[in-house]
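Notes to accompany the following structure.
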Ligand SMILES: *Cc1c(COP(=O)(O)O)cnc(C)c1O
């Protein structure tokens, strides 16, 4: 019944046998790449998300169950032109990271939060859920096979991209009858380079009430590209999304949650149908509270941010998300005006970023139990 195709899995299987029946069924098969690509990668000069590791985890949902979970070489996936992903956009994803410390121990950061959010996205798009055990087993097995791909230089990590799409066929607009779930990884350097200037959006919206903004659904990002392109033509790197109804409230920064510091108070919008429940966002809220930073989770008006920029009480704006962790914003545009944020000696953005990345990389105590060893 158990097919041990990889020596390194044996200990793992024995451990699991003692606690769970699940792994017996999942029996993740491993097909190794013939020749690793790792010697061709310059780990001292990594881009973000465009160099891929040797392997990926893949499983298909057919007839109501996830079948043949396996680790195979990172390679193209063949689909029929009638696969519903191409026509109706049933496609969701997650973004997370793995880190290695000086002892070569591997860590994930709050991985179950991503597993659960994937399933929230799946429900909204009429796609099947991935059992938490399958998500975690697939992820950990993949990381063990490709552990050499986790970079150790400062600011670098292994970016992990779990995703699911409709592989079932038909030109009929209805949910597909088959799905594919994949986890692929990319050793990555820091996300942004240079100063980030943002435009507060007055016309377009990334999400609406009753819509799919809270899901990591592929189409949400496709819909952002055009307004972001228009903003870039005006000299801005990103868009600050406002509510679709009035455009009076600040909601997200690009594909990140947004924080605004006015004097010494940190503000962030509450999550909603339109705002993604970011793991980085909620970690920052918790850390800030425990560090004694006055934090308010409430609606933020464009008006108050513009007024604060004019009277000097606006100290910082930053985006928060897994890829960049915390991305400071240097200035913003609104209608015909542009505003530059002050250059601070000790920005809260840098302080919080260090706190969070020290926990992620095992350089600091983790009183929250966020760090998970692989
Ligand atoms: C992924 C994402 C975030 C950040 O979520 P994290 O869990 O912190 O990575 C924020 N906003 C949007 C729109 C996103 O897609």
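Values computed for the structure shown
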{"read-out": "Candidates 316, 336, 365 - the one that is closer than 21 Å to residue 242 by Cβ, out of contact with any strand residue (DSSP E or B) (no Cβ under 6 Å at 6 or more places or on another chain) and without any contact (Cβ under 8 Å) to a residue 60 or more places away in the chain", "value": "336"}
{"read-out": "Conditions (1) in the same structural domain as residue 140 (by TED's automatic domain parsing); (2) part of a loop (DSSP other than H, G, I, E, B); (3) within 22 Å of the chain's Cα centre (by Cα); number of the one not met by residue 182", "value": "(2)"}
{"read-out": "Pair list, Cβ < 7 Å and 6+ apart or interchain, from the stretch 101-125 residues that are at positive phi to residues that are within 15 Å of the ligand (Cβ to nearest atom) and outside any helix (DSSP H, G or I)", "value": "110/370"}
{"read-out": "Residue among 315, 310 that alone is at negative phi, within 27 Å of the chain's Cα centre (by Cα) and not in a loop (DSSP other than H, G, I, E, B)", "value": "315"}
{"read-out": "Lone unmet requirement of (1) away from the ligand (no atom under 11 Å from the Cβ); (2) at positive phi for residue 254", "value": "(1)"}
{"read-out": "Qualifying residues in the stretch 76-113 (those that are farther than 23 Å from residue 54 by Cα and within 11 Å of the ligand (Cβ to nearest atom)) - the one surrounded by the most Cβ atoms within 10 Å (Cβ to Cβ)", "value": "110"}
{"read-out": "Criterion: within 30 Å of residue 150 (Cα to Cα) and within 16 Å of the ligand (Cβ to nearest atom) - qualifying residue of 249, 179, 191", "value": "191"}
{"read-out": "Of residues in the stretch 270-288 being in contact with a strand residue (DSSP E or B) (Cβ under 7 Å, 6 or more places away or on another chain) and within 24 Å of residue 343 (Cα to Cα), the one farthest from the ligand (Cβ to nearest atom)", "value": "288"}
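The values are calculated or read from the model by the stated rules, or taken from the named source; none is laboratory data. Bear in mind the structure is a predicted one, so any value in this text is a computation, not a measurement. Here the Cβ is made from the backbone with ideal geometry for all residues, glycine too, and neighbour counts use every protein chain on show.
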